[in-house]
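One structure is given below, encoded as structure tokens.
Derivation of every value follows stated rules applied to the coordinates shown; laboratory data play no part. Because the structure is predicted, anything quoted here is derived from the model rather than measured. Don't worry about glycine lacking a Cβ; one is built from the backbone with ideal geometry, like all the others, and counts go over all protein chains shown.
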Amino acid sequence: MESNCKLSQEDPSPMVDKSKYRHLVGSLIFLCNTRLDIFFAVGVVSRFSNKSKKTHWKATLRVLKYIVDNLNYGIFYKSTIDELSGYCDSD
């Protein structure tokens, strides 16, 4: 996300198709399982699923552009692994 990007529900820009916006945001949420670097930006744009405006759509497309420019980032799993284990410190 841009550091000076201010998204709001009362934005005067025109509305966009809700189903397309929700589909795109849902796909990005699914992608967050392996791309933790986009988690914050996807959380912000997902707040506007009910009243999605043109500025929200542009911010979502900016997240997509970031993903395309940085395809090597993320968590990759090898298919030869029989068992996957991990550690999480909840503190």
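Points to keep in mind about this one:
- With Cα atoms, 0 to 90° folded angle of helix 54-69 axis to the chain main axis: 30
- 222 nm mean residue ellipticity, helices alone, for the chain (DSSP H n ≥ 4; -39,500 (n - 2.57); rounded to 500): -12500 deg cm²/dmol
- Once the Cα gyration tensor of region 18-69 is diagonalised, semi-axes √(5λ) in Å: 17, 11, 9
- Whole-Hz couplings from phi, Karplus 6.51/-1.76/1.60, listed for region 12-23; x for Gly and Pro: x, 5, x, 6, 10, 5, 5, 5, 5, 5, 5, 5
- If the chain linking His23 and Leu71 were pulled fully straight, counting 0.36 nm for each residue of separation and taking away their Cα-Cα distance, it would gain 15.2 nm.
- The orientation-averaged projected area of the convex hull spanned by the Cα atoms of the chain comes to 8.2 nm².
- Distance between modelled label sites at Lys54 and Met15, nm, 7 Å Cα→Cβ extension: 1.6
- Working note: Karplus 6.51/-1.76/1.60 with θ = phi - 60° gives region 36-48 the couplings 6, 6, 9, 4, 5, 5, 5, x, 5, 6, 6, 5, 10 Hz, where Gly and Pro are set to x.
- Here the label points at Thr80 and Cys32, each 7 Å from Cα along the C-beta direction, are separated by 3.4 nm in the simple model.
- A crude spin-label estimate for the pair Ser90 and Arg62, with each label 7 Å from Cα along the Cβ direction, gives 3.6 nm.
- Highest average first, the peptides 9-16, 68-75, 40-47, 52-59 ordered by how many other beta carbon atoms sit within 10 Å of their residues are 52-59, 40-47, 9-16, 68-75.
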